Amino acid sequence: MTEAGWTGSRRLLRRIREVMAAAGDAAARLDAVVRLIAADTMADVCSCYVLRAGEVLELFATEGLRAEAVHRTRMRVGEGVIGDVAAYARPLVLEDAWSYPNFSYKPETGEELYRSMMGVPILRNGKVIGVLALQHRDSRTYAEEEVEALETVAMVLAELIASGQLVDPSEATSTEDVVKPRRFDGVTLNAGLAIGTAVLHRPRVVIHQMVAEDPTSELARLAAAVTSVQERLDKLLAADDLKAAGEAREVLETFRLFAGDRGWMGRMREAILGGLTAEAAAQKVQNDMRARLREATDPYLRERLIDLEDLTTRLLVELAGAERPGPLPDDAVLFARNLGPAELLDYDRTRLKAVVLEEGSATAHVAIVARALDVPMLGKVRDALLHVDDGDPVVVDAANAQVFLRPADEVRAQVRAAMVARAEQTQRYAALADRPAITRDGRAITLLLNCGLLLDAANVAATRADGIGLYRTEIAFMVRAAYPDVASQTSLYTRIHEVVGGKPVVFRTLDVGGDKTLPYLHADPEENPALGWRAIRIGLDRPAMLRQQLRAMVRASAGRTLQVMFPMIAEVREFERARRLLDLELRDAAAAGVTPPSDVKVGCMVEVPALLFQLPALIRQVDFLSVGSNDLTQFLYAADRGNPMLGDRYDSLAAAMVAALRTLIETAAAANKPLTVCGEMAGRPIEALALLGLGCARLSMSAAAIGPIRALVLDTDTRDIDRLLHQWDGAPAGRLRRVLSDYMRDRGLGR
């Protein structure tokens, strides 16, 4: 290898292919390949390590190290330079390998003669199956072109290792693991319950030729395949169940545009010009994206990489003529590391009962599509793919974020019974849907929905809810690559009004920051983002953004009542500043001849405890209040609600929280200002019972909670609950919850 660098000739790739295609022992062919690589790159050492069972990398072939080290030198993933290449699935380039902090010296190799080193992972279907390394006696640098060339060679070498001729594929399978029942925890992306049969999402694309004979024809094949993929995506978008899917459709339309991404296409063209076939070029780009995905922390970048990986998989299927997902079992539960939004649509939705992802998030594009199709989905189910196989029986309890793999018969029987009971309960709730939510002692309770998607808003009619108590406008911002303009926002808010059919809608202005990020809103990293630059703080610092959103709400509410709510208010003056911006938009709309809203109501979220000490000043200025019980609990107890170690430490029915809620409810009632609780408390029967006893008459919750809470309201005498709350006022944490639980059980409430 010259100092100027080696760009990886098609001649070497052809010679490697010829060796691999020759008859004879696989180990002998691997020896010949490493000799070819060493000679062509002018390296002093070329070595190939293969991943064995137990996360062990074994030296299988070398040119330059001592022959006796072959099959003797082993190291675990994460041990030494080779182990780190495998652990992080990315190249490692060292001018002086001996100074590397994790360097592991193996005396049997004789590698003390060599200073510089370059290692690249050997990848197959996104998984590391080995490591290919070069070493030189002298300290030297490796150019980026050299790294890319060795990665290309490693791709070709992966075919030999994956053939099963070097290592028995079955050695990595544990018989005990196959039969052992397991339970996994995850994160709910779309609630639901399912019993089914596991189906692994792993498109098997066999690349029969890695090295191109004619780059020009390969470029033409690539262009034709991309066109075909685009046409298939257009056909998916034409499906009837996506024509009115709101944000889910917008996600898919954005995904469709990625198929013309110039950077994605350019990298594949470069790989073809470097000597690879169109299929191999697509796989090389996919391997690169998977490595980048491991390191990406920015949510938008991760989502884009996932979408591009989905596109590359579809392109590989097109190029190789591989079969697309075949017939599913009637009760399919799909398992995947991750999914792009269009991949989910490749499966028969009538047979798909649930989806389990090792990654994923609530705002991931595929989760939005799953909610649009009402498919239960769990994310962040770690290591699920290591233990599941096609055909395994599985139970998905997405409501409680659990997966049961190969459950015992009694577990399945219990779940089936729960599903039957749930179906019967759903029928009972449906029979109550048209009854006004009035307690036994005659109090009328307003039941509202929390929504974040246009699809959610359609549930107002289905559940007979009284309106939308919280419309989270940020969801529509989070699925876009750029800030939506006033026209786009106006169109969305108008459709929300239309879908609810004249019932009230409370629009919360943009509540981002913390765990909700926008790809186009750049902010410095924060040590404690939940308490940092978020929600109204961003809006007041970026008034143009907030004014555009308020302008869209004003226009969308022409001739209708406009209700606007500002989040994360910590001081009254913040509310005053925000309201002034709304007043400016109302004035400008009138001056422009825009039809104004018939009425305007302005309120704020109470989630920062500091507002509890400013209620007299606040209550005079607002038209209504909404309690964000999730954040109020979090901030009141200084406990991160997303931290599993703190999840059960603080009770939302403990004395401090009950006292805060009582103060808010009584202050609002005295001022004749409506107050709505719109956090998770409102949709949980025990907490909702406490809220009714405290005098709260407005609850906003998810669509699934409307039925149970309506039934609870109809069976409750709030005077009893009021007496219990006063009797146990100031009780130790957990005591009031137990008292209310016993009360519900004794009277058959919540069934």
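Among residues that are of a type in the set (A, V, I, L, M, F, W, C) and in contact with an Asp or Glu (Cβ under 6 Å, 6 or more places away or on another chain), residue 38 is included. Tell me yes or no: at least one residue of segment 572-584 is assigned by TED's automatic domain parsing to the domain that holds residue 633, more than 33 Å from the chain's Cα centre (by Cα), part of a helix (DSSP H, G or I) and farther than 25 Å from residue 675 by Cα. Checked segment 572-584: at least one residue is assigned by TED's automatic domain parsing to the domain that holds residue 633, more than 33 Å from the chain's Cα centre (by Cα), part of a helix (DSSP H, G or I) and farther than 25 Å from residue 675 by Cα. Being of a type in the set (Gly, Ala, Ser) and within 25 Å of residue 449 (Cβ to Cβ), is that true of even one residue in segment 637-649? Within segment 637-649, one or more residues are of a type in the set (Gly, Ala, Ser) and within 25 Å of residue 449 (Cβ to Cβ). Residues of segment 28-83 that are within 17 Å of residue 97 (Cα to Cα), part of a loop (DSSP other than H, G, I, E, B) and of a type outside the set (Asp, Glu): 43, 64, 65, 78.
Among residues of segment 12-31 that are within 16 Å of residue 207 (Cβ to Cβ), those with a beta-carbon under 7 Å from a residue that is not β-branched (Val, Ile, Thr) at least six positions away or on a different chain give the pairs 13/275; 16/36; 17/210; 20/29; 20/159; 20/160. Can you find even one residue in segment 611-623 that is within 24 Å of residue 476 (Cα to Cα) and assigned by TED's automatic domain parsing to the domain that holds residue 659? Taking every residue of segment 611-623 in turn, none turns out to be within 24 Å of residue 476 (Cα to Cα) and assigned by TED's automatic domain parsing to the domain that holds residue 659. Here segment 116-153 is the region considered, the condition is being modelled with pLDDT under 90 and among the basic types (Lys, Arg), and the residue that is nearest to the chain's Cα centre (by Cα) is 127.
Do we have residue 676 as assigned to a helix (DSSP H, G or I) and touching a residue at least 24 places away in the same chain (Cβ under 8 Å) here? No.
This table checks each residue for (1) farther than 12 Å from residue 443 by Cβ; (2) in contact with a strand residue (DSSP E or B) (Cβ under 8 Å, 6 or more places away or on another chain).
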residue: 683; (1), (2): yes, yes
residue: 696; (1), (2): no, yes
residue: 700; (1), (2): yes, yes
residue: 703; (1), (2): yes, yes
residue: 708; (1), (2): yes, no
residue: 713; (1), (2): no, yes
residue: 716; (1), (2): no, no
residue: 719; (1), (2): no, no
residue: 725; (1), (2): yes, no
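Per the conditions (1) of a type in the set (A, V, I, L, M, F, W, C); (2) at pLDDT 80 or above; (3) assigned to a helix (DSSP H, G or I); (4) in contact with a helix residue (DSSP H, G or I) (Cβ under 7 Å, 6 or more places away or on another chain), the sole criterion not satisfied by residue 184 is (3). Annotation: of all residues in segment 408-435 being over 35 Å from the mean Cα position of the chain (by Cα) and exposed (fewer than 13 other Cβ atoms within 10 Å of the Cβ), the one that is modelled with the lowest pLDDT is 431.
Considering each residue of segment 740-748 in turn, none proves to be polar (S, T, N, Q), closer than 20 Å to residue 441 by Cα and at pLDDT 90 or above. Look at segment 122-144: where a residue is assigned by TED's automatic domain parsing to the domain that holds residue 97 and β-branched (Val, Ile, Thr) and a partner is assigned to a loop (DSSP other than H, G, I, E, B) and modelled with pLDDT of 90 or more, sitting 6+ places away or on another chain with Cβ atoms under 6 Å, you get 141/95.
Yes/no per residue for (1) at pLDDT 90 or above; (2) under 26 Å from the mean Cα position of the chain (by Cα):
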position	(1), (2)
449	yes, yes
456	no, yes
471	yes, yes
475	no, yes
480	no, yes
484	no, yes
487	yes, no
491	yes, no
497	yes, no
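All conditions in (1) at pLDDT 95 or above; (2) not in a strand (DSSP E or B) hold for residue 594, with the sole exception of (1). State whether the residues of segment 694-708 include one that is over 36 Å from the mean Cα position of the chain (by Cα), farther than 23 Å from residue 433 by Cα and part of a helix (DSSP H, G or I). Yes, segment 694-708 contains a residue that is over 36 Å from the mean Cα position of the chain (by Cα), farther than 23 Å from residue 433 by Cα and part of a helix (DSSP H, G or I). Considering 274, 266, 260, the condition of being modelled with pLDDT under 60 and assigned by TED's automatic domain parsing to the domain that holds residue 338 is satisfied by 260 alone.
List the pairs whose first member sits in segment 85-113 and is closer than 21 Å to residue 151 by Cα, whose second member is aliphatic (A, V, I, L, M) and part of a loop (DSSP other than H, G, I, E, B), and whose Cβ atoms are under 8 Å apart, counting only residues at least 6 apart or on separate chains? As it stands, the answer is 86/77; 87/77, since those pairs meet every condition given.
The values are calculated or read from the model by the stated rules, or taken from the named source; none is laboratory data. Values in this document were obtained by computation on a predicted structure and should not be read as measured data. With ideal geometry, Cβ positions are generated from the backbone for all residues, glycine too; neighbour counts draw on all protein chains shown.
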